[in-house]
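The values are calculated or read from the model by the stated rules, or taken from the named source; none is laboratory data. None of the values given here were measured: they were computed from a predicted structure. Quick reminder, even Gly has a Cβ in these numbers, built from the backbone with ideal geometry, and neighbours come from all protein chains shown. Note: accessible area is taken over every heavy atom of the protein model, side chains too, but ligands, DNA and RNA are not part of it. Shrake-Rupley method; radii C 1.70, N 1.55, O 1.52, S 1.80 Å.
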Amino acid sequence: MRPSHSWQFSSHGQPAEVLKWRAQDLPEPGPGQALVRIHAIGVNRSDLNYVLGTHFPARDFPSRLGGEATGEVIALGPPAPGKLPPVSRLRLQTGSRVGTLSGRLDRISMGVYRDIGLYDQAALAPIPEAYSYAQAAALWTGVITMAGAMEMAGFSAKTAAGKCVLITAGASGMGVLGLKLARHWGATTVATTRSPAKLGKLSQLADHVIVCDDSESLTAGMKSLPDGPLADLVLDPVGAAFFPGLLSVLAPGGDIVSYEGISGVQASLPIMQLMMKNARMHGYTTFRAYNRPALLDYLIEVGLDNADALRPEIARTFALTETPEALQSLSRSEHLGKLVIGV
């Protein structure tokens, strides 16, 4: 057995009140498994919502949490024919630097908010050689979310040039990565933020930035931009607060991809406008990629092949002992980029 420790909680609630640092002995890796010494953890809003009980309820208590981390392989189990294979570009050996794939690990029994984790090899991905562990911990969830949402709408390196992409909540770790990828592929980018304080930094990442917090201010902001562009693609985690404005600023034949619902999941939609614009609306979760090995391999290729352009913006790095504070800070939306915990 390997001694390890993990953040755990035995009831839903505020992170500072329910999270405890506890021992959890781990067995040596079995067939198709790997032991990974964690070096950095990517902090995601879903982690906070899971602890609060607003994401999905814990299957068992005590529960662990998190799905995005990077580390070093310290032990490998033998091959496991018949199990889900690792992603195609992963070459595993002791000492390999790897990242975790959140949709292929059990957050409840293992999670990643810990010092050592035991994972299926299929839950691991290579990380760019030039990245630090902290930078790599901000990569894969963003790539699989944003590049996956783009792929769902038929948006790629071959189709992006000359298109206009609107990314709401553009200052988030997801938003920043999406802006970088769309811009790298030749699209004109528009980002939204609620905070005027983020305008300067966000303007370095997007061609246009709109400060807005509801449907009306979003529509007015788009109309005020030079040439009044319409969005060929909208990537939206905000949800209810921005509808029907998203339809108003969408180009004919355009796509809206919703991948979260921060402001609510019940929205009012003008059906005639949807029809007249020949608009397409999609709902995306990363499980679409995790359930399609060929798509996941494609997204891993996107992340590795565009790594220089996608280098994440790290807003702040917390110590592992500061995990409750790191999670709680997500609710304040004060940062631009990704929050990371160093181990």
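Per-structure values
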| read-out | value |
| --- | --- |
| Pairs where the first residue, in region 311-337, is on the phi > 0 side of the Ramachandran plot and crowded, with 18+ Cβ neighbours inside 10 Å and the second is in a helix (DSSP H, G or I) and among the charged types (D, E, K, R), C-beta under 6 Å, 6+ apart | none |
| Tally of residues being in a helix (DSSP H, G or I), of a type in the set (S, T, Y) and closer than 17 Å to G175 by Cα across region 193-247 | 1 |
| Number of the condition not met by I210 [criteria: (1) modelled with pLDDT under 95; (2) open to solvent by less than 30 Å² (accessible area, probe 1.4 Å)] | (1) |
| Check on V87, out of contact with any His (no Cβ under 8 Å at 6 or more places or on another chain), within 16 Å of D47 (Cβ to Cβ), at pLDDT 95 or above and part of a loop (DSSP other than H, G, I, E, B) | no |
| Residues of region 14-46 that turn out to be at pLDDT below 95 and in a helix (DSSP H, G or I), as a count | 2 |
| Index of the failed condition, D255 passing every other in (1) open to solvent by 30 Å² or more (accessible area, probe 1.4 Å); (2) over 19 Å from I127 (Cα atoms); (3) modelled with pLDDT of 95 or more; (4) among the charged types (D, E, K, R) | (1) |
| Residue check for R2: open to solvent by 60 Å² or more (accessible area, probe 1.4 Å), at pLDDT 95 or above and over 16 Å from D106 (Cα atoms) | no |
| Scan of region 33-71 for residues that are small (G, A, S) and open to solvent by 10 Å² or more (accessible area, probe 1.4 Å), ordered by number | S46, G53, A58 |
